[in-house]
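What follows is a short report on a single structure.
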Amino acid sequence: MGVQISRSPFTAIGVAAPILAAPMAGGPSTPELVEAAGRAGGLGFVAAGYKTADALAEQVAAARASGVAFGVNLFAPNPIPITPNEYRAYARLLQPEADRYALDLSAIELREDDDLWNEKVSLLLTDPVPVVSFTFGIPSSQEVAAFRRAGTITVQTVTSAAEARLAAEAGVDVLVVQATAAGGHSGTLTPLQMPAAIPLTELVARVAAVASIPIIGAGGIASSADVAAALHAGATAVSVGTLLLRADESGASETHRTALANPAFDSTVVTRAFTGRPARALRNSFTDRFGESAPAGYPALHHLTGPLRKAAVAAGDPQGAHLWAGTGYRSATAEPLADILGRLSSAL
């Protein structure tokens, strides 16, 4: 008790709790998780990353039908191009790993794309949702203004005070300030560099000093004490992802869930090995073998390693899978999402 909570930027859409369920692309953010977050008084996000526009439309419809407030997270274009020679060299390096699953990586063509950005933006402007968040890149000020005219609250992921200034100049309503302790991909706008390891509370304070819009703290939140610390530092809310991976409503694979609770996995690393973009995962054989040699190159490397990662997950092989996890992964528990969020709110 005793934490002074600033007015949430989402109060107008019925969000009472200062704890949000972070968007987790690739499966964990199921419609059930989004709904459960809303029913617990928070806010869940449909993770649009890697989905087709039609698949996104279906999940938006499901979220809308649930009757709770929700958001949609988009990957804004910020590609990291890779040369064909670098791409093929990494494919050859990975091939012995792929041989275990009878996969031929040389057959996977180099693919650069923008995750269907224009199609998804068009969908969400035609059929507006309460909140849209952006990561990897900042939309144009014209796109941000179009969402505002549609009545949508816009949220931008940033990893530094400099990025916060750029996002504010683009006109977004809210900032997600993501520390390097966060699991999965870093939202950094400069992915050729590994993000600086700054504690969340310090990062929130730095951003609060240069931006006058509401801040959501993200990265390494594992307890109610962490929530209180982020709010004291200047955040109006926090966002949690890793802590929800083992929740009943999560779509995380059994391979991923089991690894999070396995004491053999005793640390996390920020690596480009899986996708060519910095991302924090449980340290395993894959990160040890390929972390140093992986080139920068997103989304090309994401597409290259996708079949290999899926095969490892299907085989129950945690040593070859991308086990996204923030530094607070030991606190992830197998129980209803509402219980997890309720415990995080207990000291507020």
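The values are calculated or read from the model by the stated rules, or taken from the named source; none is laboratory data. The structure presented is a predicted model; accordingly, all values stated were derived computationally and were not measured. Cβ atoms come from the backbone with ideal geometry, glycine included; neighbour counts cover every protein chain shown. Note: areas computed on protein heavy atoms with side chains; ligands, DNA, RNA excluded. Shrake-Rupley method; radii C 1.70, N 1.55, O 1.52, S 1.80 Å.
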(message) So, in segment 308-325, exactly how many residues are under 19 Å from ILE108 (Cβ atoms), outside any loop (DSSP other than H, G, I, E, B) and open to solvent by 10 Å² or more (accessible area, probe 1.4 Å)?
(response) 5
(message) From the list ALA102, ALA91, ALA55, exactly one residue is small (Gly, Ala, Ser), open to solvent by 40 Å² or more (accessible area, probe 1.4 Å) and either more than 30 Å from PHE10 (Cβ to Cβ) or not in a loop (DSSP other than H, G, I, E, B) (or both). Which is it?
(response) ALA102
(request) Those residues that are open to solvent by 20 Å² or more (accessible area, probe 1.4 Å), modelled with pLDDT of 95 or more and either in a loop (DSSP other than H, G, I, E, B) or among the aromatic types (Phe, Trp, Tyr) (or both), I need them from segment 31-52; list them, please. (result) TYR50, LYS51, THR52
(message) For segment 47-81, give me the residue count where each residue is among the small types (Gly, Ala, Ser) and on the phi > 0 side of the Ramachandran plot.
(response) 1
(request) Residues being more than 11 Å from PRO295 (Cα to Cα), over 27 Å from the mean Cα position of the chain (by Cα) and not acidic (Asp, Glu): count how many of those fall in segment 89-109. (result) 10
(request) Return the total of residues in segment 208-257 being touching a strand residue (DSSP E or B) at 6+ places or on another chain (Cβ under 8 Å), part of a loop (DSSP other than H, G, I, E, B) and surrounded by fewer than 24 Cβ atoms within 10 Å (Cβ to Cβ). (result) 5
(request) Could you list, in sequence order, all residues of segment 261-278 that are under 20 Å from GLU112 (Cα atoms) and of a type in the set (A, V, I, L, M)? (result) ALA273
(message) Considering only residues that are surrounded by fewer than 20 Cβ atoms within 10 Å (Cβ to Cβ) and farther than 24 Å from GLU119 by Cβ, which ones fall in segment 18-30?
(response) none
(request) Considering each of ALA161, ALA235, ALA168 in turn, give the residue that is farther than 20 Å from GLY328 by Cα and touching a helix residue (DSSP H, G or I) at 6+ places or on another chain (Cβ under 9 Å). (result) ALA161
